[in-house]
Every structure is written in C-alpha cells, then in structure tokens.
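First comes the structure, then the notes that go with it.
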Amino acid sequence: MNKPIYVTQPTLPNFESFTDKLKELWENKHLTNNGKFHQELEQKLAEFLGVEYISLFSNGTLALMVGLQVLRIIGEVITTPYSFVATTHSLHWNGIKPVFCDVREEDGNLDPDKIEALITPQTTAILPVHVYGNPCDNEKIQKIADTYGLKVIYDAAHAFGVEQDNDTILNWGDLSILSFHATKTYNTFEGGAIICKDAKTKQRIDYLKNFGFAGEEIVVAPGINAKMNEVSAIMGLLQLDLYEENRMKRQKLVDLYKSKFKTVEGIRFINSDKNIKENYSYFPIFIDKNKFGKSRNDVYDLLKQNNIFARKYFYPLISNFSTYRALKSASKENLPVANKMADEVLCLPLYADLEIENIERIVKIIIE
Ligand SMILES: *Cc1c(COP(=O)(O)O)cnc(C)c1O
C-alpha cells in the first residue's frame, strides 16, 4: 500500500531557523502580549500583503468574532452557507441571526444578484467568503452595502496573498479576516488576523483582542483574549520567507491537474480570471454523476481505498447542519446552487511538496 496522501500538508521552515528564534525568545522571556516577534510579523505582513493595518489573532474564528464586535454588528447578517462552519458560528456567538444567500455556480461565492431580496430592516451587514481564495464580486456587493447602509466583512480565510488587477483584495469591504490555521496555505500553527483601513479601527481591534485594556488600569470595552503568542509569530515570520516559492510549486501542480481534467466529460473545475493572482490553496473539482458515470461519493470512496484522503469541502452546507437548518433562509429552495455544489465537490490533494507522480496516480484512479 502506498503511504497515505492527505488533502493538504503544511510546509515547515528549516528547524534550526526556528530554534534560533526560540533561543532569542528564551532570553527575552516576553512570551505573548505584543512581543517583539508579534510586532515584527504585523509590520512584515502589512508590507507583504499590501495592506495598511493588520492585527494578529490566536485564530481566525476569534478574529471573525471580534471583527463583528468592532463594527458593532447586530440583528441580521447576510452570508453564504458554502463555507467552513466558523463563518456562521461567529455570527451566532455574537447573537446575530445568519441569513443564508445562495452562491453562484462559476466560483461558489455569494451571488450578488440574490442579496437584495434578503435585506430586512434588521440587516446590518454582509459577510461574504472568498471561497478557495477566488475573489467575490466586490463591486456589486459594495454597491448594495452603500445603498442600504450595510457594513461588509470579508471572511478571507482562504485568500492570503490574492490580488486582482495587481492589487490585494484584502482591502475590500470594511474589514477582512484571515486564518493561519495549520491546514491553510500560510500558517502559524494556529492564528488569524483582521485587516482594516484606519488607525482608529486598528486601535479598537487591539483593545478588543486584549480584554479591552487601554492601559494598566483602564478597560474601555468588554474585550476577549484573542492575542497571537510569540511562538506562533516566529512561525509566521519564517513561513513568510517560504510563501512565494511554495505558491509557485502549487501553481504547477494545479496546472497539471487542470490539463488532465480539461477534456473529461462530467468533471468541472473553477477557471479564474487572468487578472487574478491566485494562491492555489485548494483544487476543488465538481463531479456531475449523470455525465461522469460516478458520483462524488463514489470518487471519494475510491480514492480512500487507495489511501488518498480527498475532502468534501464544503459538504454538508452550513445551512444543512442541525444547528441552522430550522432558519427560514436555510431551506433548500432558497439555496439550490449551494446545495448542488456541495453534492458535487471534491477537493483533491494539493500542497507544495506533493509529487507529480502522485497527481498522475490520483487522476488515473479517478478517470479509469
Ligand atoms: C479556516 C476557516 C475559518 C476559521 O479559521 P480558524 O483559524 O481555524 O479559526 C473561518 N472561515 C473559513 C472560510 C475557514 O476556512
């Protein structure tokens, strides 16, 4: 039996470079609370991503939850069911009612033409996701937000480093949220960030992620503990040096997958625009059982029998989990495209060190 292949595998920096920095940490003994490495990573990430202000978090979910608090979002928020559960959970933990909107088939992102019909007097914001790192239709979404006086918070957990027309997409909306979880394409073990556009908002974010402390004896808000620690910040600094090389490795692998599946009847993949700089963090295919002959579940099982662990991102839809399915907007009639995509999708293994032979083997198992 071949060794198991998982959907992703983290790339790790050189071990000695990690222990060198740990030695420094052992000497200065400043383990968390805006330490040296935390400050350095914020500065380097802002430069690298092309954003003005970034605040580091202990994970992406807390960053999402704090982001909603920063903008004082209440009532109802329009969001996508085609995402990781944390997107909707962050609303629930803020006492906000999620309102699910369908997605568009071309990329699985929120369908801007279906947002307006879901707006009520209680709606205060839109929470879209750049799913698989493919950019949402920001222009249309922002126009609706401006018309109705809504905030826009992007769940950009998949969109590290993505650009459109030579500019980062992370400055879109009021805030963007990143995740640096071990399974993401840029990781700090666990981690996350909020990107914002002015110093006052950054200040408020920094208060809220540190219990609301604005000084030794001053608490200005009911904050939480969501700070990134120094070991994670060290990992982040070292990962940054590896990022571009790994991105290019993944691009080659994605190109190979695409060339193999291009002519296969019943298998579709997302073709992104030429003016988009992708991060190649996922490779989802969509399997039409009637045309391909095998269902998504058949292919998933077949790969599993061969010790290859693809993942059904995102199945089940968030709206179909028992915690959310009683919501009116969670009905399948409201979300036909999202339900179809969730039934057809399979994310194939993709990471910088995945061997070409293994991609060829995976494709062969699927096609033959
Ligand atoms: C990973 C992920 C999150 C949560 O991030 P964590 O760092 O794991 O808390 C949120 N939204 C999406 C779309 C994600 O993929």
| query | When you look at Val162, is it touching a residue at least 24 places away in the same chain (Cβ under 8 Å), in contact with a Lys or Arg (Cβ under 7 Å, 6 or more places away or on another chain) and of a type in the set (A, V, I, L, M), yes or no? | reply | yes
| task | Would you point out the residue of the stretch 58-98, among those that are surrounded by fewer than 19 Cβ atoms within 10 Å (Cβ to Cβ) and β-branched (Val, Ile, Thr), that is nearest to the ligand (Cβ to nearest atom)? | result | Val85
| query | So, of the residues in the stretch 99-124 that are without any contact (Cβ under 8 Å) to a residue 60 or more places away in the chain and within 16 Å of the ligand (Cβ to nearest atom), which turns out to be surrounded by the most Cβ atoms within 10 Å (Cβ to Cβ)? | reply | Leu110
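Please go through the stretch 130-162 and give me each residue that is part of a helix (DSSP H, G or I), on the phi < 0 side of the Ramachandran plot and within 11 Å of the ligand (Cβ to nearest atom), ordered by number.
Taking the stretch 130-162 and keeping what is part of a helix (DSSP H, G or I), we get 131-133, 138-148.
Right, trim to on the phi < 0 side of the Ramachandran plot and you get 131, 138-148.
Within the stretch 130-162, just Val131 meets the criteria.
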| request: Tally the residues that are in contact with a helix residue (DSSP H, G or I) (Cβ under 8 Å, 6 or more places away or on another chain) and outside any loop (DSSP other than H, G, I, E, B), restricting the search to the stretch 72-118. | output: 19
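Per-residue answers, yes or no, for (1) within 16 Å of the ligand (Cβ to nearest atom); (2) touching a residue at least 60 places away in the same chain (Cβ under 8 Å); (3) among the hydrophobic types (A, V, I, L, M, F, W, C); (4) farther than 24 Å from Gly173 by Cα:
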{"position": "Thr185", "(1), (2), (3), (4)": "yes, yes, no, no"}
{"position": "Phe189", "(1), (2), (3), (4)": "yes, no, yes, yes"}
{"position": "Gln203", "(1), (2), (3), (4)": "no, no, no, no"}
{"position": "Leu208", "(1), (2), (3), (4)": "no, yes, yes, no"}
{"position": "Gly215", "(1), (2), (3), (4)": "no, no, no, yes"}
{"position": "Val220", "(1), (2), (3), (4)": "no, no, yes, yes"}
| request: Could you check Leu170 against (1) away from the ligand (no atom under 16 Å from the Cβ); (2) crowded, with 24+ Cβ neighbours inside 10 Å and say which number it fails? | output: (1)
| query | Among the residues of the stretch 183-213, which ones are of a type in the set (Gly, Ala, Ser) and open to solvent by 40 Å² or more (accessible area, probe 1.4 Å)? | reply | Ala199
| task | Could you run through the stretch 18-57 and say how many residues are within 16 Å of the ligand (Cβ to nearest atom) and under 24 Å from Lys151 (Cα atoms)? | result | 4
| When Lys340 is evaluated against the numbered criteria (1) open to solvent by less than 50 Å² (accessible area, probe 1.4 Å); (2) part of a helix (DSSP H, G or I), which criterion, by number, is the only one it fails? | (1)
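The values are calculated or read from the model by the stated rules, or taken from the named source; none is laboratory data. Bear in mind that the values here come from a model prediction, so they are computed numbers and not experimental data. Neighbour counts run over all protein chains shown; Cβ positions are idealised from the backbone, glycine included. Heads up: the accessible areas ignore ligands, DNA and RNA and are worked out on the full protein's heavy atoms, side chains in. Shrake-Rupley method; radii C 1.70, N 1.55, O 1.52, S 1.80 Å.
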